[in-house]
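Chemist: Before anything else, here's the structure in question.
The values are calculated or read from the model by the stated rules, or taken from the named source; none is laboratory data. The shown structure was predicted, so the numbers you read here are calculated from the model rather than taken from an experiment. Cβ placement follows ideal geometry from the backbone for every residue including glycine, while neighbour counts extend to all protein chains displayed.
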Amino acid sequence: MSTGRVVTLTANPSLDRTLSLPGPLREGGVVRLLDAVTEPGGKGVNVARAVAAAGGEAVPVLPAAEHDPIVAALAERGLPPVTVPVDAPVRTNYTLTAPDGTTTKLNEPGIPLTAQTRAALARAVRLHASGSRWVVLSGSLPPGTPADWYAELVALLRDTGVRIAVDTSDDPLRALLAGGRSGAPDLLKPNSEELASLAGVPEAELLGDPAVALAAVRVLHEQGVSEVLLTLGGDGAVLSTADGGLWSARPPEITVRSTVGAGDCSLAGYLLADLAGAPPAERLRTAVAYGSASASLPGSAVPTPAQVDGSAVRVLAGMPGSEATSTSAVPPAGPNTDPAAGRVAR
Ligand SMILES: O=P(O)(O)OC[C@@]1(O)O[C@H](CO)[C@@H](O)[C@@H]1O
């Protein structure tokens, strides 16, 4: 029987060190920081933290030595990770945040993993996937990892019955879809840059023309992806389902403090809504509300449900500016919500 558990694999975890700048970053010279905070990070780790912060059951799987600070940092947050031991320390990624919300990331490459470590991680994920609702494969792959490893993992997990979400970029993203339907996840969460690179079009063209974005999403469905959650930063997100559903959502106005982890929190919000049995429009609303709440928090902090306001998110059936779809507002779900509300033909 499947439970509401979410298993996340972060093959390239990080300690996220957030450095608060007193003003806009100027290269050269000495910058006296206002603050410096370290949190456990990496995309899958962030998803697990947000799910756990909402009272959900999350199992973060990652490569890390027993005494690595990331293990203690997660345990302190009530989220002891499942680890596969490695010799080197987990990488540190730096975030520079300016007072106007401008966020600059400096990510280290990470620790190369041996074939044995990869096999042990795959076994750990498969073990915990059985009986879980979702497995999330998230983030970059460490140096030297075959680009098609995520595709291989998707195929490996298929017979467990778990639903699989992937959030990655560059070669691992391309390889995921190059391997045919066996590598295709149930849910893919690209941002506009990633979708544009997959589609081979400039990002500006994809953002400027809904028809281009919809064509790119349709290709993903043809390749076997059931749900595409396209995140658009401050412009919200779009959800497309293989059965023809299409919704878009805009976040409320917020003061951005750090965009780090906002995409991960969007994914966590989507999964939490799914675990609660919410229909697609509501899953999108929760995703955007979580992403927006995350961006209003400092560093890599993840929001608690009390900091998330779904009613402030405007959800439309369809996609504005697209001739192929009409749009209409979807009200927040009430007790009598029709699960098919907002479904439109494409
Ligand atoms: O280098 P990757 O794996 O692409 O991204 C890693 C990372 O930037 O992603 C998270 C935010 O999404 C941070 O916690 C972490 O530092």
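Chemist: Which one of 90, 82, 86 is buried (at least 21 other Cβ atoms within 10 Å of the Cβ), touching a residue at least 24 places away in the same chain (Cβ under 8 Å) and either of a type in the set (Asp, Glu) or in contact with a helix residue (DSSP H, G or I) (Cβ under 9 Å, 6 or more places away or on another chain) (or both)?
Modeler: Values: 82 fails: buried (at least 21 other Cβ atoms within 10 Å of the Cβ); 86 fails: buried (at least 21 other Cβ atoms within 10 Å of the Cβ).
Just a single option satisfies the conditions, and that option is 90.
Chemist: Looking at this structure, is residue 113 touching a helix residue (DSSP H, G or I) at 6+ places or on another chain (Cβ under 8 Å), in a loop (DSSP other than H, G, I, E, B) and more than 19 Å from residue 65 (Cβ to Cβ)? Explain how you work it out, then say what you get.
Modeler: Details: touching a helix residue (DSSP H, G or I) at 6+ places or on another chain (Cβ under 8 Å): yes; in a loop (DSSP other than H, G, I, E, B): yes; more than 19 Å from residue 65 (Cβ to Cβ): no.
Answer is no for this residue.
Chemist: Further question on the same structure: Enumerate the pairs (first residue in the stretch 203-215 and over 12 Å from residue 192 (Cα atoms) and acidic (Asp, Glu); second residue anywhere and assigned to a helix (DSSP H, G or I) and modelled with pLDDT under 95) with beta-carbon separation below 8 Å, excluding pairs fewer than 6 apart on the same chain, so at least 6 apart or on different chains.
Modeler: Listed pairs, sorted by first residue: none to list.
Chemist: Being among the hydroxyl-bearing types (Ser, Thr, Tyr) and away from the ligand (no atom under 16 Å from the Cβ) is the filter here; which residues of the stretch 258-306 pass it? Show your work before the answer.
Modeler: Step one: list which residues in the stretch 258-306 are among the hydroxyl-bearing types (Ser, Thr, Tyr), which gives 258-259, 266, 270, 286, 290, 292, 294, 296, 300, 304.
Correct list: 286, 304.
Chemist: To continue, here is another question. Given the conditions (1) surrounded by fewer than 23 Cβ atoms within 10 Å (Cβ to Cβ); (2) within 16 Å of the ligand (Cβ to nearest atom); (3) closer than 17 Å to residue 319 by Cα, which single one is not true for residue 231?
Modeler: (1) is the only condition that residue 231 fails.
Per-residue answers, yes or no, for (1) surrounded by 18 or more Cβ atoms within 10 Å (Cβ to Cβ); (2) within 16 Å of the ligand (Cβ to nearest atom):
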{"position": "21", "(1), (2)": "yes, no"}
{"position": "34", "(1), (2)": "no, no"}
{"position": "51", "(1), (2)": "yes, yes"}
{"position": "72", "(1), (2)": "no, no"}
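Chemist: Now for a separate question. Residue by residue through the stretch 105-121, note down the ones that are closer than 18 Å to residue 43 by Cβ and in contact (Cβ under 8 Å) with a residue 24 or more places away in the chain.
Modeler: Filtering the stretch 105-121 down to residues closer than 18 Å to residue 43 by Cβ leaves 105-111, 113, 118, 121.
Hits for the stretch 105-121 are 105, 107, 108, 109, 110, 111, 113, 118, 121.
Chemist: How many residues does the stretch 127-145 hold that are without any contact (Cβ under 8 Å) to a residue 40 or more places away in the chain, more than 12 Å from the ligand (Cβ to nearest atom) and in a loop (DSSP other than H, G, I, E, B)?
Modeler: Here is the first cut: in the stretch 127-145, the residues without any contact (Cβ under 8 Å) to a residue 40 or more places away in the chain are 127, 130, 143-144.
Adding the requirement that they be more than 12 Å from the ligand (Cβ to nearest atom) leaves 127, 130, 144.
Checking the rest, the ones that are also in a loop (DSSP other than H, G, I, E, B) come to 130, 144.
Number satisfying all stated conditions: 2.
Chemist: Picking from 246, 207, 275, which residue would you name as being closer than 29 Å to residue 41 by Cβ and either surrounded by 19 or more Cβ atoms within 10 Å (Cβ to Cβ) or modelled with pLDDT of 95 or more (or both)? Working first, answer last.
Modeler: Details: 246 fails: closer than 29 Å to residue 41 by Cβ; 207 fails: either surrounded by 19 or more Cβ atoms within 10 Å (Cβ to Cβ) or modelled with pLDDT of 95 or more (or both).
That would be 275, the only listed residue that is closer than 29 Å to residue 41 by Cβ and either surrounded by 19 or more Cβ atoms within 10 Å (Cβ to Cβ) or modelled with pLDDT of 95 or more (or both).
Chemist: Just give me the residues in the stretch 218-231 being out of contact with any Ser or Thr (no Cβ under 6 Å at 6 or more places or on another chain) and either over 17 Å from residue 203 (Cα atoms) or aliphatic (A, V, I, L, M) (or both), in sequence order. Steps first, please.
Modeler: In the first step, residues of the stretch 218-231 are kept if they are out of contact with any Ser or Thr (no Cβ under 6 Å at 6 or more places or on another chain); the result is 218-226, 229-230.
219, 220, 221, 222, 223, 224, 225, 226, 229, 230 - these are the residues of the stretch 218-231 that are out of contact with any Ser or Thr (no Cβ under 6 Å at 6 or more places or on another chain) and either over 17 Å from residue 203 (Cα atoms) or aliphatic (A, V, I, L, M) (or both).
Chemist: Provide a single number: the residues in the stretch 147-159 that are farther than 22 Å from residue 283 by Cβ, assigned to a helix (DSSP H, G or I) and more than 16 Å from the ligand (Cβ to nearest atom).
Modeler: The first filter runs over the stretch 147-159 and keeps only residues farther than 22 Å from residue 283 by Cβ, leaving 147-153, 155-156, 158-159.
Right, trim to assigned to a helix (DSSP H, G or I) and you get 149-153, 155-156, 158-159.
Going one step further and asking which of them are more than 16 Å from the ligand (Cβ to nearest atom), we end up with 151-152, 155-156, 158-159.
Number of matching residues: 6.
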